[in-house]
Amino acid sequence: MLCLIITIHKLRLQSNETGTRNDRQDPRVDKRTILCYNYIMINIKTTIKEVVIPQLSLTQVEKGLDQRGYASALEKQFIKISKDNFDDCKEASSVKSTDDITINDILVDFKSTDVDKKFKMPNLISIAVLKNKYYSEKILYSFVTYSSKQNKVLDSHLLYIWELPWKHLEIQNLGKGQLQIKNMKNFIDDIDNLSTLSKDEWYQEFIKKGKIFYKDLIKKTEKRMEEWVC
């Protein structure tokens, strides 16, 4: 706990001084600080997995809701339980925020999925936002599966964004580009096979995919423009 408190305080001071928490580029972040912060990141995942998620329940949720209704009910529970179990836990200020809650400066985005539905392609984050936040923020996804037929929560998986394997990700033409999971069912079935890339390697692959996306988008746009001829 002392390590956690000291580390958070130190990182916040460095953020105020430099305007960034990019420990990859800031030489003043020593190895001990990085090790402590890694411990915090792992500890938050463990606490959510072992303390918060087991308290989620559909017993008080009205049956027959659509996926949005179930997702909203579970998300509200998740936020409340997290606040009860973490001292430094803040709810997102806007529905457009990257996170649902922030725990010790780590952005946590809650995603639920109904295993009884055949197909779902959930949005994760705008690629423009991700590019700006990748090194300055830690983004953690809490994936929770439930069964609307059994009316219960089944399982959970907590992954930082760089742990998501690219074979299950795709950039779609929404806004400036939206990072999505191609097929949620396939992703959940294969969720133990995490990305083998380092955080830096994952980012380089992300930049590469982003450039390909925009080049393809230019080609599609030019082709559509050709159709608009008098």
Query - Table column - 3J(HN,Hα) (Hz), segment 177-192, Karplus curve with 6.51, -1.76, 1.60, x for Gly and Pro - result: x, 10, 7, 10, 8, 4, 8, 4, 5, 5, 5, 5, 5, 10, 5, 6
Report task. Name the long-range amide H neighbours of residue 120: under 5 Å, sequence gap of 5 or more, or other chain; modelled H, no Pro or chain starts. Result -> 184, 185
Query - Whole-Hz couplings from phi, Karplus 6.51/-1.76/1.60, listed for segment 133-145; x for Gly and Pro - result: 9, 3, 9, 8, 10, 9, 10, 10, 9, 10, 8, 10, 9
Query raised in the report: Tell me, in nm to one decimal, what length is gained between residue 128 and residue 50 on full extension, where the rule is 0.36 nm per residue of separation less the Cα-Cα distance?
Result: 24.8 nm
Query raised in the report: Cα centroid distance between segment 61-81 and segment 154-171, in Å?
Result: 21 Å
Report task. Could you give the spread of the C-alpha atoms of segment 68-191 along their three principal axes, from largest to smallest, in whole angstroms? Result -> 39, 37, 23
**Report entry** Rg and Dmax of segment 133-182, Cα atoms only, in Å
**Finding:** 13.9, 41
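Values quoted throughout were computed directly from the atomic coordinates according to the rules given, and no laboratory measurement underlies them. What you see is a predicted model, and the numbers here were worked out from it, not measured in a lab.
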